[in-house]
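The values are calculated or read from the model by the stated rules, or taken from the named source; none is laboratory data. Please read all numbers here as calculations on a predicted model, not as lab measurements. FYI the Cβ positions are ideal-geometry reconstructions off the backbone, even for glycines, and counts take in every protein chain you see.
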Amino acid sequence: MSSISAFRFVCFMFFVAWINEVGAGKIVFDVTKYGAVADGKTDNSKVFQNVFDKACQSEGYSSVLIPDGKYMLGPVLFAGPCKGPIELVINGALISDTDVGSYGNKLFHWITFYRIDRLAVVGGGSLDGRGPSAWPHNTCSKSKSCNPLPSSMGFNFVNNSRVTHLSSINSMGVHMNLYRCSGMKFDNIHLIAPEDSPNTDGIHIGESTNIDISSSVIATGDDCVSLSPGCSSINVTDVWCGPGHGISVGSLGRMANEEDVSGLTVTNCTFTGTQNGLRVKTWASSFASNAFDLTFQNIRMENVYNPIVIDQQYCPYDNCQKGNSQVQIQNVKYRNIWGTSRSKIAVALECSQSKPCQKIELSNIELVYSGAGGPASSSCNNANGAAYGPQKPPSCI
Ligand SMILES: *[C@@H]1O[C@H](CO)[C@@H](O)[C@H](O)[C@H]1NC(C)=O
Ligand SMILES: *[C@@H]1O[C@H](CO)[C@@H](O)[C@H](O)[C@H]1NC(C)=O
Ligand SMILES: *[C@@H]1O[C@H](CO)[C@@H](O)[C@H](O)[C@H]1NC(C)=O
């Protein structure tokens, strides 16, 4: 080889190495190159944390790569702001540290993303929260002031981001928890926990806006998707829920000066064997707020206990204060809802005496009782609105 072609060859090899490092314009940070051990036992929290920080502080598009393998880690905080868009590529399986005590920080998630713009979580890998060892520590069925168990992924103040092709099983608490996020898209995710696991909501959203959830399967012990106060512009499309408690707005009205909930659109979803289908609930004795512009359309119910329910007398504990809810529910549309109800009351619109529901629409409802003995019925209290098209059970509005 002449010295010129040798020089060319060396340059070419440097170029190949550089291309490998930057990927398609991305700088790749492979956790195994920084000491992560995929033996399912070694605690990788520190390594993951350091690698994320490095990627976050590098200019341009950075990518944190978790290759195939089983990685154990305790709580990690992936905090921005980052210097550019960042992705977390999870090809491997992440398993949690089963010591519940180690999660005692105030953010209280297993993997927390904080103050990040343009985050992508991708890769086809999985999260295992190893819930069975944590669930006995859950006291929330007994007490209102319990501490929730950590969610598997928490997104706090995260904007313009995407989570795709990810599985999560047996979360200790909620699978995905969103707080003060805007512009987030979830698709092709699979969230699974047993039907009797406590408070394992699929996606819980609080004080967030412009959230899109689509093409996903959520089978858990609690709500499929739940919205707490301060949520607006949320779309849920093409999601299979069940088992679990269905899609839920609320419980609203627990605190003074709560922000409203508005603009939820649920389209083309299927509920199988869930406790509820489409539920809006407010505390029996509540502070004032509003829930409005909620649309539920093209929904199939399969053996759902309460397919359509507004409950303004929500009180899961013995010692709740009785009273009238001060939450105003308005402009709620149920369009093309069909299938089977496991209870006889397939449609229950129990609104507040002091704030009757306004502009409720029931269009093309066909829900039949799946048990023996008589057709399904509906039940209304303080519900105003109109019914259009075929109604099974007969509308009570
Ligand atoms: C996210 O958006 C909010 C509201 O637009 C903004 O105040 C906040 O700074 C943004 N956060 C990040 C991390 O970019
Ligand atoms: C929700 O769907 C509507 C109607 O298709 C669309 O205009 C809106 O941009 C969507 N919002 C989000 C957050 O995806
Ligand atoms: C819902 O399904 C119908 C029928 O398959 C389809 O035409 C429509 O585009 C879907 N809506 C959304 C928002 O995906």
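Table: residues versus (1) over 19 Å from ARG118 (Cα atoms); (2) more than 16 Å from ligand 1 (Cβ to nearest atom); (3) surrounded by fewer than 21 Cβ atoms within 10 Å (Cβ to Cβ); (4) within 25 Å of the chain's Cα centre (by Cα).
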site: VAL28; (1), (2), (3), (4): no, yes, yes, no
site: LYS33; (1), (2), (3), (4): yes, yes, yes, no
site: ASP39; (1), (2), (3), (4): yes, yes, yes, no
site: VAL47; (1), (2), (3), (4): yes, yes, yes, no
site: ASN50; (1), (2), (3), (4): yes, yes, yes, no
site: SER58; (1), (2), (3), (4): no, yes, yes, no
site: GLY69; (1), (2), (3), (4): yes, yes, yes, no
site: MET72; (1), (2), (3), (4): yes, yes, no, yes
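Looking only at residues that are under 23 Å from GLY123 (Cα atoms) and in contact (Cβ under 8 Å) with a residue 40 or more places away in the chain in the stretch 175-199, which one is nearest to ligand 3 (Cβ to nearest atom)?
HIS175
For the stretch 193-211, which positions are closer than 15 Å to VAL249 by Cα, acidic (Asp, Glu) and away from ligand 1 (no atom under 16 Å from the Cβ)?
Result: ASP201, single match.
Among the residues of the stretch 80-134, which ones are of a type in the set (Phe, Trp, Tyr) and modelled with pLDDT of 95 or more?
TRP110, PHE113, TYR114
Of all residues in the stretch 202-234, count the ones that are of a type outside the set (A, V, I, L, M, F, W, C), surrounded by 21 or more Cβ atoms within 10 Å (Cβ to Cβ) and in a strand (DSSP E or B).
3
So for the stretch 241-257 (the condition being closer than 22 Å to SER151 by Cβ, polar (S, T, N, Q) and at pLDDT 95 or above), does at least one residue qualify?
yes
Output the residue which, of all residues in the stretch 235-267 that are surrounded by fewer than 17 Cβ atoms within 10 Å (Cβ to Cβ) and part of a loop (DSSP other than H, G, I, E, B), is nearest to the chain's Cα centre (by Cα).
Of everything passing the filter in the stretch 235-267, GLU259 is nearest to the chain's Cα centre (by Cα).
Select the strands (runs of 3 or more DSSP E) contained entirely in the stretch 90-167, then report the ones holding at least 2 residues which are within 22 Å of SER216 (Cβ to Cβ) and among the small types (Gly, Ala, Ser).
93-96
Inside the stretch 384-397, can you point out the residues that are farther than 19 Å from GLY339 by Cα and touching an Asp or Glu at 6+ places or on another chain (Cβ under 8 Å)?
Scanning the stretch 384-397 gives GLY385, ALA386.
Residues checked against (1) within 16 Å of ligand 2 (Cβ to nearest atom); (2) of a type outside the set (A, V, I, L, M, F, W, C); (3) more than 18 Å from LEU149 (Cα to Cα); (4) without any contact (Cβ under 8 Å) to a residue 24 or more places away in the chain:
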residue: ILE203; (1), (2), (3), (4): yes, no, no, no
residue: SER208; (1), (2), (3), (4): yes, yes, yes, no
residue: SER214; (1), (2), (3), (4): yes, yes, yes, no
residue: VAL217; (1), (2), (3), (4): no, no, yes, no
residue: SER232; (1), (2), (3), (4): yes, yes, yes, no
residue: ASP238; (1), (2), (3), (4): yes, yes, yes, no
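Can you tell me how many residues within the stretch 168-192 are within 16 Å of ligand 1 (Cβ to nearest atom) and assigned to a loop (DSSP other than H, G, I, E, B)?
2
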